[in-house]
Amino acid sequence: MAALVDSHAHVQMRQFNADRDQVIAAAFADGVARMVAPGTDVPTSRLAIELAERYPGRVFAAVGTHPHDATTLTDAALAEQRELARSPHVVAIGEIGLDYYRNLSPRETQREALTRQFALARELDLPVILHNRESHADMIALLRSEGQGLRGVFHCFIGDQAMARDALDLGFYLSFAGPVTFPKNAELAAVAAWAPLDRVLVETDCPYLTPAPFRGRRNEPRYVALTARHIAEVRGLPFDQFAEATAQNAATLFRLPSLPENL
Ligand code: NI
């Protein structure tokens, strides 16, 4: 069975408080071998690490402050993130980025928080997990001016081929989530089909963005297979081959250790 990696699953969040272990067990049983749980602020980053400690080698954590929460990234919070990010269970800084759609933090504050977390990622030699919504030009400009030497992924990539090209040219991966399965997003699916196979990841972004046909329900890591299956189809690849390639890409980007042998 294909061993998928859900490259972006917020399984530490409160939406899973009632049944977290069952949700994770269901994912493992359905062929999702591993997952990365990104934080959105200091408390959710800490929870991600605690969860990763309970599932060593299967659940990994990322530490970061989301653009919505950029105003919470004080000097003290950044210092705390630095401490948290030294945990061996942490594989990335994220999720971090820009969101000019909802603008829950002022744009200047978002840019400053992003730049400071770029520096943290560089200091700790960790990849970044980027959230980028209606902010593409600024994101690319900031990566070019402040992101030297960084590697990472555009999480839940939504954009056209030119935007994908920008990300790829900077050496970044593209991670596709549930929206790529929606019938109205055929153009996005075409981008997922066009992208180089060695630069594509898949994710759920659960509990959000549930793929078709379960749209509207709470999302879970096991549904990453629906997204992978859809992209494999539009690429004309056997599912197992696509799943294997994306899992390998995730392992490379996040420097995941080899899968435990007793799986
Ligand atoms: Ni997310």
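Note on the stretch 68-85 and the stretch 25-59: Cα centroid distance 20 Å, given to the nearest whole angstrom. The dipole here belongs to the chain: it is taken about the Cα centre, uses +1 on the Cβ of Lys and Arg and -1 on the Cβ of Asp and Glu, and is about 280 debye.
First check a/c for the stretch 139-231, with a ≥ b ≥ c the square roots of the eigenvalues of its C-alpha gyration tensor; if it is under 1.5, answer rounded, and if not, answer prolate when a/b is larger than b/c or oblate otherwise. It comes out prolate by the Cα gyration axes. For Gly39, the residues whose amide H sits under 5 Å from its own are Ala62, Val63, Gly64, Gly94, Glu95, ignoring neighbours fewer than 5 places away on the same chain, with H placed 1.01 Å from N. Averaging the Cα positions of each part gives two centres, and for the stretch 179-209 and the stretch 112-149 these lie 22 Å apart.
Within the listed set Leu237, Leu114, Leu226, the Gaussian network model of the chain (springs between alpha-carbon atoms below 10 Å) gives the highest mean-square fluctuation for Leu237.
No value in this document is a laboratory result; all are computed from the given coordinates. For clarity, every value in this text was computed on a predicted model and none was experimentally measured. Cβ coordinates were reconstructed from backbone atoms using ideal geometry, including for glycine residues, and neighbour counts include every protein chain displayed.
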